[in-house]
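Q: Let me begin by handing over the structure; questions about it come next.
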C-alpha cells in the first residue's frame, strides 16, 4: 500500500538556503570566537559560568530581538564571571503532537503552518541576533535533519527529554562540532542520559540527509539535569547536592571526557513554577561552593526567561509574554544575572 502522505513541495536544502540567505564573514568570525570561549568552559580552560537563558519558545522576532539586545547589555556588565548563551528555540516539542510547534512550523503563531516560510524565518532571526547583539544562540535539536539550516549560526544544542533516547539525535550530536547537552528523560532514568552522552562522544557512521557520513565524536557532549516525573505525575527535582554527587559517580564509572552538567532550573526541577528558578539557581551555586568536584562538574544554568512574567494563550496580545511555558520576566531575570555574577 502506498504511503498516505501528501508531498506538498520540495524544500530547499540547507546548502541552498545558506546560499540564498548567507550569514556573512562577520557572523562567521563571531561564531568562531564564541565557539572557542564556550568550549573552553566545558574543557576546564575557562572558569566562567554559563547561563543559557531566554524564552521557552522564540515566537516573535521583534520581541526576541528586543530581549536579546537587553541581554547583550547585561553580558557586558557580567563578562568577567558569566558567559551568556541565549536560548532562541524555534522548534517546540509537543507531547501529544498537537498545538503550536514553534517558529519553524508557524512564523506567525496565529496563522497556518508554513514550513518554507518557517525555515527562512528562523534563519533570518538567528542571523539578525548575531549581527545585532554579538550572541550566537542555543537551539533544541528537535529535528536532527534540520540542524544544518542553522549550523553556521549556533553555538549550543540541547537534545530534549523526549528525544534523548532516539538514535538519530545521538548520532547527529556526535558530529555537530559544538556542545550538545543531553537532557535526562522524563522518566528520570540516568542510564538513558549517560548512554546518550556516550554515543554522542563516540565515533559514528550513519545516514544523514541522503549521505553516508562519519564523525569523530563530540567531546563536548554533556548532561542536562531537568528533573523528572513520577508514574503518578509528581515532579521530582534532580538539582540537589546529592543528585550532583550521583552524577559525578555516573561519570566516573564510564570512559567519558570533559565531565560536565548544566542545570535546567525550570521544567520538573521547578515543578513548572517559573518563579522557583531564582531559588534553584542560588541552591546550585551553593552546592558548587560546598564541593570542589561539583564546582568542576556544574558548568552553568538553563533559565526560561522573556520580557514579561508568566505565559499567555496564543493571541493574548501581550508583547514579550510566552505563549508556551511560563517564563521569568525581564526585571527578575536581569536582577538574577547580576546576582549570579556576584556569587558564582
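Q: Arrange the following residues from fewest to most other Cβ atoms within 10 Å of their Cβ: 291, 196.
A: Numbers: 291 15, 196 26.
Starting with the residue having the fewest Cβ neighbours, the order is 291, 196.
Q: A further question follows. Over the Cα atoms of the chain, what radius of gyration and what Dmax do you get, in Å?
A: Gyration radius and largest Cα-Cα distance of the chain: 19.1, 64 Å.
Q: For a quick protection proxy, order the peptides 229-235, 63-69 by their average other-Cβ count within 10 Å, most packed first. Let's see the in-between values first.
A: Values: 229-235: 9.9, 63-69: 20.3.
Highest mean packing first, the order is 63-69, 229-235.
Q: With the crude spin-label approximation of a point 7 Å out along Cα→Cβ, what separation in nm comes out for residue 335 versus residue 143?
A: Those two pseudo-labels are separated by 4.0 nm.
Q: With no solvent and one point per C-alpha, what does the Debye sum give as log10 I(q)/I(0) for region 1-140 at q = 0.12, 0.13, 0.21, 0.22 Å⁻¹?
A: The calculated log intensity ratios at q = 0.12, 0.13, 0.21, 0.22 Å⁻¹ are -0.57, -0.66, -1.34, -1.40.
Q: On full extension of the chain, what length is gained from residue 110 through residue 21, given 0.36 nm per residue of separation minus the C-alpha to C-alpha distance? Walk me through the intermediate numbers first.
A: Values: separation 89, 0.36 × 89 = 32.04 nm, distance 2.52 nm.
Difference between extended and current length: 29.5 nm.
Q: Here is a further query. Most exposed first by the Cβ proxy, i.e. fewest other Cβ within 10 Å, how do 162, 123 rank?
A: Working: 162 15, 123 22.
Listing 162, 123 from fewest to most nearby Cβ atoms yields 162, 123.
Q: Helix-derived [θ] at 222 nm for the chain: sum -39500 (n - 2.57) over DSSP H runs of at least 4, divide by residue count, nearest 500? Mind dumping the intermediate values first?
A: Details: 11 runs with 133 residues, N = 344.
The helix contribution divided over the chain gives -12000 deg cm²/dmol.
Q: Could I ask something else about it? Would you mind pulling out the separation of the Cα centroids of region 54-76 and region 146-214, in Å?
A: Comparing the Cα centres of region 54-76 and region 146-214, I get a distance of 26 Å.
Q: Order of 10-19, 296-305, 124-133 by packing, highest average Cβ count within 10 Å first? Spell out each step's value before the answer.
A: Details: 10-19: 13.5, 296-305: 24.8, 124-133: 19.1.
My ranking of the peptides, most packed first, is 296-305, 124-133, 10-19.
Q: Taking 2.2 N^0.38 Å as the expected size of a compact globular protein, what ratio does the Cα radius of gyration of region 211-314 give against it, to two decimals? Please list the in-between numbers first.
A: Details: Rg = 16.0 Å, N = 104, 2.2 N^0.38 = 12.8 Å.
The reported ratio for this selection is 1.25.
Q: Mind checking which of 84, 314, 119 has the largest fluctuation in a GNM of the chain, springs on alpha carbons under 10 Å?
A: Of 84, 314, 119, the Gaussian network model singles out 314 as fluctuating most.
A short reminder: the numbers here are calculations on the coordinates, not readings from a lab. None of the values given here were measured: they were computed from a predicted structure. Note that we place each Cβ from the backbone using ideal geometry, even for glycine, and neighbour counts take in every protein chain shown.
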